[in-house]
Amino acid sequence: MTDKPQQKARILIIEDEAMIAFAIEQTLLADGFEIAGIAARLPAALTLIDGCAFDAAILDTNLAGVSAGPAAAALKSSGRPFIIASGYPPSQQPEVFRGAPCIQKPYPPKRLLELLREILPLARA
Amino acid sequence: MPTNAQQTDRSVAETEQLILQYRHLLENIEQGFCLIEMTYDEAGTANNYRFLEANQAFERHTGIRNAVGKTALEAVPDLEAHWIETYARVARTGASLAFEQGSFAMNRLFKIDAVSIGGAGSNRVALIFSDVTERRRTEQSLIKGEERLRLALEAGRMAVWDWSFESGENIWNDAMYRMLGLQPDTAQASFASWMSRVHPADLPGVESLFSDSLKPGGEFHMEYRVLGQRDEIRWVSARGRTNSDAVGKVTRSYGVVTDVTERNLIDKDLRLSEKRYRRLFECAHDGVVILDAGTRKIIDTNPFMTKLLGYKHAELVGKELYEIGLLKDEVESKAMIRELNNRNQIRYEDLPLESRTGLHKEVEVIANLYNEGDRLVIQCNIRDITERKIAEEHVSMLMAEINHRAKNLLAVVQAIANQTAKEGSPATFSARLSDRIVALAAGQDLLVRNQWLGVELSDLIAAQLDHFRDWIGTRVMLDGPVAELTPDAAQGIGMALHELGTNAAKYGALSNETGAVLISWKVTKGANPKFSITWLERGGPKVQPPTRSGFGQTLIGRMAQAAVQGTAEINFAETGVSWNLNAPAANVLTKSSLGRP
C-alpha cells in the first residue's frame, strides 16, 4: 500500500445501526480513509449530503424504518459515487437504489474497502 | 206330430198360408238362414253343398252375395272340408246339431243350428246361424281388460273397496286386507275394520273426510297412516267416489288405496336434500355460478356471487362470463368450454375480477362440467382470495424484513466480534464475545416477546444484569417510572448496562461483599420531555480510572449516545463509577409510553 491516491478520500457513512456505523468507521480509519460524517437518520443524511465535503458514501437502504431512497436520489444528483450496504438482497430493493454497487450485510470489511477503491477513481476522473 | 190323415184334412190353402208365414218369419229373422242340399261323388261321399234358399240376413252374416244356386265351394273356394263333413253327417243321421265353429277361409266365427230336413237319409239341411266374431272379440277384450285391471291393481299394490249401501255388502280385494294388516280369510270387510287399522292420529280426519264424501258426486282423497303388516306404520293414499240414485240417495262408495310410504320417503329425502344443498348454495362464502355449456350463458348464481360482483341476480342471469369481468373475452370463454370438454374440471388461480364498482378482486375459479338431466352445465366455484393474497404479501414482506433484520444483527455481531478482538488477550476473547452476544440476545428476546414494539426498561435491566438477579432489590437498586424503550434504545442502553455490570463485577461495587449499584431513571414533563438514566456505584473498592479506552468504553459511551441521539458521560470518581445518559424522551421511549401520563 505504497501508492494510494484515495488515502485522503473522505467517506460519508449513512447507517442507522450504531454498532455497524462504528465498525465501518473503524475499518475505514484503519485503512487510511477519513470520515466525512455519520448519519443515522434520513434528515441527518440529507443534511450531510448537501452540506459536508465527501468523496463517496456508504448508504444503508433502511434508516430506522424509513426508506433511504431520497438519500440515494440526492447522492445521484450530487454526482458522487456511493455503495449500497443493506441486509436486503439487490433483487428486493426499490428502483431508486439500482445502479450503485451493492454489498449485502454482513460482509467482510475487506470487500467494502475494495468496492470503495473501485468507485473512487471514477469519481475523480 | 200331425198324422197323414189330419194333414190331408187340412186345406191346401191353409197349408200354403202356413208356409208363407214361416217363410216370412225366416226371411225377416235376425239370424242368417239357408237351406242347403248336399252333393256327393260317385263313391257316395259328400263333396259339396248347394244353397237352395237364403234369407236377407244371410249375406250380412256370411259376406256371400247371391248365394242361392251356388255351391259352397263356388261361394268360398277354399272353404274348409269340415263344414261339408258336418252337414253331411246331419243329413245322413237326421240329428240336429248346434255348434260354434270358426272359418279361416271366411275369417268369421259362427254359432250355428243345423237341422236336417226330411229326416235321416235326406240330403237337405237347414242352417240358422249368426256371425259371432264381433261378440266374441268384445267378450275376449272384456276378459283381457279385466285381467289387465287386476294386474294393474296388483302391480301398483292397489287396494280396492266397493261398499254397497243398498245390500250392505262391502267388497275388498286381497290387497285391501293386506294393506290393513288383515287376513282375507279371517277378517271382515267392513268400514269398522278399516277404521280400526287407521293410525289413531289420522283417524278423526279420515272419518270426517270419508263421511263428507258420502253425498251425490262426493269424492274422497286423503293421505293418511295405517297399521300395515306386523302393525308397521305405512302411508297410504285413498281415492274414492260415491254413487247415488235418481233421488239423491247414496248407494255406493268405491275406490282405490295405494301404499305411498316409499314414495313419501323418497319425496322427503328429496326435499331434505334440496333444502340442504339449497342452503349450501345460498350460504356459501364462495361464489357459485351455473352456466349452460351450450350457450355459455349464466343460468343461476348464489347470493355470495351477487355480493362479490355487486350485480343483482337478474342482471347476472343470461350473461356470459366475460361480460361480468371474469374471463377476458369470448375467445377465452370458448377456450374454457373446450378445455372442460376434455378434462371435466379446470382450476384457474389468480384470476383478476372486477366488481361492478370497479373494485379489483383476486379470485380462484374451479369449473366443473356435468350432466344435469338432458343438458350439460358448468358449475364455477369462485373464491375471493383477495384477503389471502394480501396475507401472502404480508408474510412475504415479513420474511424479507426478518431476513433484513437477521442480516443486520449478524453485521452487528460481526462488528462486536471485530472490536472485541482488538482488546485483551486471545485467551479471553471467546468468553468476552460470548457475554456480549448473550447481552445482545437478551434484548432481542424481550423485543420478540413484545412483537418488536418495545421493551420495558426494568425488564431490560433485569435481563442484562441476569448474573446479579439475586441482588436486585438489595445490592442492585432500581428506581424509576414505567418506561417502554424503542428497539434501538433498548439495544444501545442494554449493551451499555451489560458493560457496566461486567466492569462492576470485575473491578467495581459488585466485586466485593458490600458494594451496591443504584440504577435510576426519569422522564421530565413538558412539551419536549427528556429521558435520563444514571448508574451509580457505591461501596466498592477504590476506583482506578482505566488507562486506555477499550471497546467496552465505546459501548458505554459512543454506542449508547448513538442509539438515543443523546449524550453519555462516565465518571471514574474514587468513591465509585457513575454513568449518565441523557436524551430527548422521543428518541428513547415508544410512542405508547410517551403518551402515558
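So what's the angle, to the nearest 10 degrees on a 0 to 90 scale, between helix B:386-422 and the longest Cα principal axis of chain B?
30 degrees
Can you give the Kirkwood hydrodynamic radius of chain A from its Cα pairs, in Å with one decimal? Don't skip to the end; give the middle numbers.
Working: mean 1/r = 0.0699 Å⁻¹.
Computed over Cα pairs of chain A, the Kirkwood hydrodynamic radius comes out at 14.3 Å.
So how do A:59-69, B:314-324 stack up, highest first, on mean other-Cβ count within 10 Å? List each step's numbers first, then the result.
Details: A:59-69: 19.1, B:314-324: 16.6.
Answer by packing, highest mean first, reads A:59-69, B:314-324.
Modelled label-to-label distance, B:Glu147 and B:Glu401, 7 Å Cα→beta-carbon offset: nm?
For the pair B:Glu147/B:Glu401, the computed spacing is 9.0 nm.
Residue by residue through B:545-557, how many Cβ atoms from other chains fall within 10 Å of the Cβ on average?
Numbers: counts 0, 0, 0, 0, 0, 0, 2, 0, 0, 4, 3, 0, 0.
The shielding value for this peptide is 1.
Work from the charge dipole of the protein assembly as shown (Cβ charges, +1 for Lys and Arg, -1 for Asp and Glu, about the Cα centre) and give the residue of B:Thr547, B:Ile337, B:Leu581 farthest towards its positive end.
B:Thr547
In peptide A:8-19, what is the residue-averaged number of other protein chain Cβ atoms found within 10 Å of each Cβ?
Working: counts 0, 0, 0, 0, 0, 0, 0, 3, 4, 10, 16, 19.
Average neighbour count from other chains, rounded to a whole number: 4.
Could you list the square roots of 5 times each eigenvalue of the Cα gyration tensor of the stretch B:367-495, that is, the equivalent ellipsoid semi-axes, sorted largest first and rounded to whole Å?
On the way: eigenvalues 557, 88, 27 Å².
Equivalent ellipsoid of the stretch B:367-495: 53, 21, 12 Å, largest first.
Rg/Rh for chain B to two decimals, with Rh computed the Kirkwood way over all alpha-carbon pairs.
On the way: Rg = 59.5 Å, Rh = 38.8 Å.
We get a ratio of 1.53 for chain B.
Using alpha carbons only, what's the Rg to Rh ratio of the stretch B:284-383 with Rh from Kirkwood? Walk me through the numbers on the way to the answer.
Working: Rg = 12.4 Å, Rh = 13.3 Å.
That ratio is 0.93, to two decimals.
Sort the following peptides by mean Cβ neighbour count (other Cβ atoms within 10 Å, averaged over residues), highest first: B:459-468, A:107-116. Please list the in-between numbers first.
On the way: B:459-468: 19.5, A:107-116: 15.9.
The most tightly packed comes first, giving B:459-468, A:107-116.
Among B:Ser396, B:Thr357, B:Gln414, which residue has its Cα positioned farthest towards the positive end of the charge dipole of the stretch B:335-463, with +1 placed on the Cβ of Lys and Arg, -1 on the Cβ of Asp and Glu, and the dipole taken about the Cα centre?
B:Gln414
Is there a quick way to get the dipole size of chain B? I mean about its Cα centre, with the Cβ of Lys and Arg at +1 and of Asp and Glu at -1; what is the value in debye to the nearest 20? Mind dumping the intermediate values first?
Details: 69 positive and 78 negative charges, 590 e Å.
Taking the Cα centre of chain B as origin, the dipole is about 2840 debye.
Enter the mean number of other protein chain beta carbons within 10 Å of the beta carbon of each residue in B:402-411, as an integer. Write out the running numbers ahead of the final one.
Working: counts 1, 4, 8, 2, 3, 8, 12, 5, 3, 14.
Other-chain Cβ atoms within 10 Å of each residue's Cβ, averaged: 6.
Please report the spacing between the Cα centers of the stretch B:577-597 and the stretch B:326-345 in Å, no decimals.
Cα centres, the stretch B:577-597 to the stretch B:326-345: 64 Å.
Give the distance, in whole Å, between the Cα centre of the stretch A:70-125 and the Cα centre of the stretch B:392-442.
Going from one Cα centre to the other spans 23 Å.
Report, in listed order, any pair from B:Lys312/B:Lys389; A:Lys105/B:Lys506; A:Lys76/A:Lys110; B:Lys70/B:Lys111 with a Cα-Cα distance greater than 32 Å.
Values: B:Lys312/B:Lys389 26 Å; A:Lys105/B:Lys506 34 Å; A:Lys76/A:Lys110 25 Å; B:Lys70/B:Lys111 22 Å.
Violating the 32 Å Cα-Cα cut-off are A:Lys105/B:Lys506.
Hey, what does the equivalent ellipsoid look like for the stretch B:232-277, semi-axes from the Cα gyration tensor as sqrt of 5 times each eigenvalue, largest first, whole Å?
On the way: eigenvalues 284, 28, 6 Å².
Computed over the stretch B:232-277, the values are 38, 12, 6 Å.
To the nearest 20 debye, what is the magnitude of the charge dipole of the protein assembly as shown about its Cα centre, counting +1 on the Cβ of each Lys and Arg and -1 on the Cβ of each Asp and Glu? Numbers along the way, then the final one.
On the way: 81 positive and 91 negative charges, 631 e Å.
Charge dipole, the protein assembly as shown, about its Cα centre: 3040 debye, nearest 20.
What percent do you get for the relative contact order of chain B when only Cα pairs under 8 Å and 6+ apart count? Walk me through the intermediate numbers first.
Numbers: 1005 pairs, mean separation 32.8, N = 597.
RCO, chain B: 5 percent.
Roughly how tilted is helix B:133-155, in degrees to the nearest 10 and between 0 and 90, from the longest Cα axis of chain B?
30 degrees
Using only C-alpha atoms and all pairs of different ones, pull out the Kirkwood radius for the stretch B:12-136 in Å with one decimal. Mind showing how you got there, number by number?
Details: mean 1/r = 0.0670 Å⁻¹.
Radius from the Kirkwood sum: 14.9 Å.
Name the shape class, rounded, prolate or oblate, that the alpha-carbon gyration tensor gives for the protein assembly as shown, where a ≥ b ≥ c are the square roots of its eigenvalues, rounded holds for a/c under 1.5, and otherwise prolate holds if a/b is larger than b/c and oblate otherwise.
On the way: a/c = 5.99, a/b = 3.59, b/c = 1.67.
Prolate shape, in that a/c is at least 1.5 and a/b is the bigger ratio.
For chain B, build the charge dipole from Cβ charges (+1 Lys, Arg; -1 Asp, Glu) around the Cα centre, then report which of B:Gly119, B:Ile366, B:Trp535 sits farthest towards its positive end.
My answer, from the dipole projection, is B:Trp535.
Using Cα atoms only, what is the angle between the long axis of helix A:18-30 and the major principal axis of chain A, expressed in degrees (0 to 90) to the nearest 10?
So the inclination is approximately 20 degrees.
Straight-line reach only, C-alpha to C-alpha below 17 angstrom: list the aspartates and glutamates that B:Lys334 could link to, leaving out same-chain residues fewer than 8 apart.
B:Asp292, B:Glu320, B:Glu323
Straight-line reach from B:Lys522: which aspartates and glutamates fall under 19 Å, measuring Cα to Cα and dropping same-chain residues less than 8 apart?
The reachable aspartates and glutamates, counting only those whose Cα sits under 19 Å from B:Lys522, are B:Glu456, B:Asp459, B:Asp479, B:Glu484, B:Asp488, B:Glu537, B:Glu569.
Note the per residue figure in Å³ for the convex hull of the C-alpha positions in the stretch B:156-264.
On the way: hull volume 10.1 nm³, N = 109.
Hull volume normalised by residue count: 93 Å³.
Alpha carbon centre of the stretch B:259-276 versus the stretch B:38-115: separation in Å?
68 Å
Quick one: give the max-minus-min coordinate of the C-alpha atoms of the stretch B:508-597 along each principal axis, largest first, in Å.
42, 27, 16
Would you please report the Å³ per residue occupied by the convex hull of the alpha carbon atoms in the stretch B:443-548? Intermediate values should be presented prior to the final figure.
On the way: hull volume 13.0 nm³, N = 106.
In the stretch B:443-548, the Cα convex hull volume per residue is 123 Å³.
How big is the dipole moment of the stretch B:423-594 about its Cα centre under a simple scheme where the beta carbon of each Lys and Arg is +1, that of each Asp and Glu is -1, and everything else is neutral? Debye, nearest 20, please. Walk me through the numbers on the way to the answer.
Details: 14 positive and 15 negative charges, 58 e Å.
With only Lys, Arg, Asp and Glu charged at Cβ, the dipole is about 280 debye.
Any read-out appearing in this document is the output of simple, stated calculations on the displayed coordinates, not a laboratory observation. Model, not experiment: these values are computed from the prediction. Counting neighbours? That spans all protein chains shown, and the Cβs are built from the backbone with ideal geometry, glycine included.
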